[in-house]
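The values are calculated or read from the model by the stated rules, or taken from the named source; none is laboratory data. Keep in mind it's a predicted model, so treat the numbers as computed, not measured. Note that each Cβ is placed from the backbone with ideal geometry, even for glycine, and that neighbours are counted across all protein chains shown. Calculation scope for accessible area: heavy atoms of the full protein, side chains included, ligands and nucleic acids excluded. Shrake-Rupley method; radii C 1.70, N 1.55, O 1.52, S 1.80 Å.
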Amino acid sequence: MKKNLMNVKAVFLALLFVSQISNAQKNFVVDVKNPKAEIQPTMYGIFFEDINFAADGGIYAELVKNRSFEFLYPLMGWKEPNSNRHSLNLKSGRAIPITKSGNVSNKHYIRIDVNDASGYSIINEGFRGIGIKESAKYDLSFMANVASNIKHVKFEIIDEKNNPIASNSVAVIGNNWETYKTTLTASKTCAKAKLKITFDTSGTINMDMISMFPEDTWMGRKKGLRKDLVQLLADLHPGFLRFPGGCIVEGRVLERRYQWKKTVGSIENRQGLVNRWNTEFSHRSTPDYFQSFGLGFFEYFQLSEDIGAEPLPILNCGMACQYNTGELVPINEIAPYVQDALDLIEFANGNVSSKWGKVRAEMGHPKPFNLKYIGIGNEQWGKDYFDRYVIFEKAIKEKYPEIKIVSGSGPSPDGEYFDYGWKQLKKLKADLVDEHYYRSPEWFKENATRYDNYDRNAPKVFAGEYAAHNKAKSAAMTKNTLECALAEAAFMTGMERNADVVYMTSYAPLLAHVDAWQWAPDLIWFDNLNAVPTANYYVQKMFANNAGTNVLSTTCNKQNITGQDGLYASTVMDKATSEIIIKIVNTENKAQRINVDLKGAKKVNEDVNITVLHADDLNAVNTLKIPTTVVPQQLSVKAKKKGFCVEIQGNSFYVCRVKVN
Ligand code: AHR
């Protein structure tokens, strides 16, 4: 009993001690009178790559998988429950893929022989099902020519139990290819619906480009993008939009690299490609992952414009992914790759009378997209890269001296290749150097000072891909925990403090389908109906929505705040609104009281508006089922004459905005 009482006393004293430490107030001094580096408008941007079903099955709102039968197995994604393909005795029907002759991009269509209309159907499974919303309208279109008899094609959206929840019949006529359209209205919401096609009578019909989109897309564009996902991107107020990746730029072999010219013009003529991520990871194999390029380079430029982001296309530099084959194009055969880069600039910016400017105008955008940046190579390293990079650089700078070029420093934030890359790029006086880091939360916190000692006269930094990966079974299999988000926030205070060096930053990857992903963590998760922003998304949003215009020095005991007692901080001012914006990350599990002294401010004249991201549990994650475990909350505190006091909860990120005279 006595021993127990002593234990209780010891615990009590320990708690008292801890609470005293936590309550010891810290004084942060913000030097309001001496604005430092300008924050580039491009500082906080977006990295988009078609990984995790981000494009087809994701932001590109097409609901039919393999609409034009161009997958390696032309009937992948389609089922014929009663086909007589393997039984001559069955009186039903079957679909046969037919290959067109000649050099066409959309090579296949299907011929459907219906022997008994009552017994035959062909069904598309969608991208892990089709997301359908009650009362919503769906635009269905297809190409067909009738070889014999068939007069009506019936389309039904069926639910998980195969009950129809929308249906419509379309009259078809003639043996010339025609495009037909109809609209289906759903009577019920269903996350994993399917599209079923049946015929009025026996006969033969050829079909291609069987497509269905929600009518309600981003900006109401026909065959457009998924509204909820684009809205989440727009809400970030991104400074730039990097596209199309990522390793997808490179391809596992050069033949399967991303080629922008194959992604523009009418969608029927865009030649699809197997997605390089389909079987990259055996633990998350998705053999049915293809690129239709319905979200191609025109749609990309348009999206950038819609959300106010500078487009930043990344192009192949004549090298396949060095994690795969590392295949190289010989230097004396690199001209077409360089021409692709020059032509892309013309496609974006050229006069409507130029070859590629005309293509853009014909696609509906005569005005230039005002492209200012281009990336050469993704995650390349070593001499082979620089042998090729200099050829691109010369050609681009000669023709378009105003375009800023992003160059790579390899896949790691340090080491032999990284050092070699930076050495070359300093010699070349490169514009922007792309750095990538997928590291532990500890690394991110320790590296909050990473840019403090970077050479101020060297090329500027584009932190083009980063994400904290916590301990997990294997790489790219980790969760979007609050711990990771806070570590990224801590690191970002270091990027912000060094805005004279760091010009662009983007978390990666961006999007992931919960049933079809290959790589985790990711910024936004979604299923066929809904999306959930992660804690990491909110960190990005809190930085990007509070970017400000100039850095202000912020110190505690005359030191930058870079992890003392688990605290990290950076401050910017917004010249346009006369606001001071202080970002404070508390990675410790205890509340800490901070006095913010706005040194040099004449008068602080309003309440301090504070956005807080917090959860008690560092392992907290947002899920589609419970999306609000870690979401920003608003509060305000009264400002004092020249500053304010705020108690920062443990495990939290605070953004405090205050107006000054
Ligand atoms: O973001 C996922 C991948 O990580 C990118 O495609 C690649 O550039 C990096 O290795």
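For segment 519-528: of the residues being within 11 Å of the ligand (Cβ to nearest atom) and surrounded by fewer than 24 Cβ atoms within 10 Å (Cβ to Cβ), which is nearest to Thr279 (Cα to Cα)? Step through it out loud before you land on a result.
Of the residues in segment 519-528, the ones within 11 Å of the ligand (Cβ to nearest atom) are 519-523.
Restricting the remaining residues to those that are surrounded by fewer than 24 Cβ atoms within 10 Å (Cβ to Cβ) gives 519-520.
On the way: Trp519: 12, Ala520: 15 Å.
Going through the qualifying residues, I end up with Trp519.
For the condition at pLDDT 95 or above, touching a Gly at 6+ places or on another chain (Cβ under 7 Å), surrounded by fewer than 16 Cβ atoms within 10 Å (Cβ to Cβ) and within 30 Å of Lys479 (Cβ to Cβ), what is the one hit in Asn595, Asn589? I'd like the intermediate steps shown before the answer.
Values: Asn595 fails: within 30 Å of Lys479 (Cβ to Cβ).
Result of the check over Asn595, Asn589: Asn589.
Pairs needed: first member in segment 515-528, without any contact (Cβ under 8 Å) to a residue 40 or more places away in the chain and farther than 19 Å from Asp228 by Cα; second member anywhere, part of a loop (DSSP other than H, G, I, E, B) and away from the ligand (no atom under 15 Å from the Cβ); C-beta distance under 7 Å; at least 6 residues apart or different chains.
Within 7 Å, no pair qualifies.
Output the residue which, of all residues in segment 240-287 that are hydroxyl-bearing (Ser, Thr, Tyr) and closer than 27 Å to Leu371 by Cβ, is farthest from the ligand (Cβ to nearest atom). Even if it seems obvious, please write down each step before you answer.
We begin by selecting, within segment 240-287, every residue hydroxyl-bearing (Ser, Thr, Tyr); these are 258, 263, 266, 279, 282, 285-286.
So of that shortlist, the ones also closer than 27 Å to Leu371 by Cβ come out as 258, 263, 266.
Values: Tyr258: 11, Thr263: 18, Ser266: 29 Å.
For segment 240-287, the residue satisfying everything is Ser266.
Determine, yes or no, whether Ile403 is of a type in the set (Val, Ile, Thr) and within 16 Å of the ligand (Cβ to nearest atom).
Working: of a type in the set (Val, Ile, Thr): yes; within 16 Å of the ligand (Cβ to nearest atom): no.
Answer is no for this residue.
Listed here are the residues, each with its yes/no results for (1) of a type outside the set (Phe, Trp, Tyr); (2) more than 14 Å from the chain's Cα centre (by Cα); (3) outside the structural domain of Ala144 (by TED's automatic domain parsing); (4) on the phi < 0 side of the Ramachandran plot.
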| position | (1), (2), (3), (4) |
| --- | --- |
| Lys192 | yes, yes, no, yes |
| Ile197 | yes, yes, no, yes |
| Ser202 | yes, yes, no, yes |
| Met207 | yes, yes, no, yes |
| Asp235 | yes, no, yes, yes |
| Cys247 | yes, no, yes, yes |
| Val253 | yes, yes, yes, yes |
| Tyr258 | no, yes, yes, yes |
| Lys261 | yes, yes, yes, yes |
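Considering only segment 68-82, I want to know if a residue exists there that is within 16 Å of the ligand (Cβ to nearest atom), crowded, with 16+ Cβ neighbours inside 10 Å and either at pLDDT 95 or above or not small (Gly, Ala, Ser) (or both).
So in segment 68-82, the residues within 16 Å of the ligand (Cβ to nearest atom) come out as none.
There is no residue in segment 68-82 that is within 16 Å of the ligand (Cβ to nearest atom), crowded, with 16+ Cβ neighbours inside 10 Å and either at pLDDT 95 or above or not small (Gly, Ala, Ser) (or both).
Given the criterion in contact with a Pro (Cβ under 7 Å, 6 or more places away or on another chain) and either within 29 Å of Ala458 (Cα to Cα) or assigned to a strand (DSSP E or B) (or both), identify the matching residue among Val539, Val532.
Values: Val539 fails: in contact with a Pro (Cβ under 7 Å, 6 or more places away or on another chain).
After applying the criteria, what remains is Val532.
In segment 224-282, what residues are over 21 Å from Val359 (Cα atoms), outside any loop (DSSP other than H, G, I, E, B) and open to solvent by 40 Å² or more (accessible area, probe 1.4 Å)?
Lys227, Asp228, Gln231, Asp235, Glu255, Arg256, Ser282
If we keep just the residues of segment 375-389 that are away from the ligand (no atom under 16 Å from the Cβ) and of a type in the set (D, E, K, R), which is surrounded by the fewest Cβ atoms within 10 Å (Cβ to Cβ)?
Residues of segment 375-389 away from the ligand (no atom under 16 Å from the Cβ): 383-384, 386-389.
So of that shortlist, the ones also of a type in the set (D, E, K, R) come out as 383-384, 387-388.
Working: Lys383: 9, Asp384: 16, Asp387: 15, Arg388: 23.
Out of the qualifying residues, it is Lys383.
Condition (residue is in a loop (DSSP other than H, G, I, E, B), at pLDDT 95 or above and within 16 Å of the ligand (Cβ to nearest atom)) applied to segment 490-506: is it met by at least one residue?
If we filter segment 490-506 for residues that are in a loop (DSSP other than H, G, I, E, B), which is where we start, we get 498-501.
Retained after the next criterion (residues that are at pLDDT 95 or above): 498-501.
Within this subset, residues satisfying the condition of being within 16 Å of the ligand (Cβ to nearest atom) are none.
Within segment 490-506, not a single residue is in a loop (DSSP other than H, G, I, E, B), at pLDDT 95 or above and within 16 Å of the ligand (Cβ to nearest atom).
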